[in-house]
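Data block below; observations after.
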Amino acid sequence: MLKEFKAFIARGNVVDLAVGVIIGAAFTSIVTSLTKNLINPLIGLFIGKIDLSGLVFSVGSAHFRYGLFINSIINFVIIAFVVFLMVKFINRIMTNAETKKAAPTASEVYLKEIRDLLKEK
């Protein structure tokens, strides 16, 4: 069972996933700081309040903190956009690498022909 667990952990997909989760957590703190320290004050200039997290309305004894919800939406949109850009960039790199890899050079073509001729003899 220990060998199976080691084989499972050593698989590339699990390691990639772990790295993605760790980087995602670190990236979330950066985006939260960006939203809290740069974007919220900018939006607050138009609304008239600097801190969106303070926006609250009350119904009876219940307090609805819709400012915090707005912060969460802004965080999500920023993270989703950056992830979109990263995936687009990685796909472009992978496509370029595959195109370069798919087109054999002239010497590779000649060597393949020579190999095929030698196999026939």
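The values are calculated or read from the model by the stated rules, or taken from the named source; none is laboratory data. Since this is a predicted model, take the numbers as computed values, not measurements. Because the Cβ atoms are built from the backbone with ideal geometry, glycine has one as well, and the counts that use them run over all protein chains shown.
One table, with the values for the structure above:
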quantity: Residue list for segment 13-49, filter: exposed (fewer than 11 other Cβ atoms within 10 Å of the Cβ) and more than 25 Å from the chain's Cα centre (by Cα); calculated: L42, L45, F46, G48
quantity: Out of I39, I43, I47, sole residue that is at pLDDT below 75, touching a helix residue (DSSP H, G or I) at 6+ places or on another chain (Cβ under 7 Å), closer than 16 Å to G67 by Cβ and aliphatic (A, V, I, L, M); calculated: I43
quantity: Scope segment 33-68; condition touching a strand residue (DSSP E or B) at 6+ places or on another chain (Cβ under 8 Å) and among the aromatic types (F, W, Y); matching residues; calculated: F57, F64, Y66
quantity: I70, sole failed condition from (1) surrounded by 12 or more Cβ atoms within 10 Å (Cβ to Cβ); (2) of a type outside the set (S, T, N, Q); (3) out of contact with any helix residue (DSSP H, G or I) (no Cβ under 7 Å at 6 or more places or on another chain); calculated: (3)
quantity: Subset of segment 50-98 that is assigned to a helix (DSSP H, G or I) and of a type in the set (S, T, N, Q) - its residue that is farthest from the chain's Cα centre (by Cα); calculated: S53
quantity: Where a residue in segment 57-71 is farther than 17 Å from T32 by Cα and its partner, wherever it lies, is modelled with pLDDT under 90, with Cβ under 6 Å and at least six apart; calculated: H63/V56; F64/F57; R65/V56
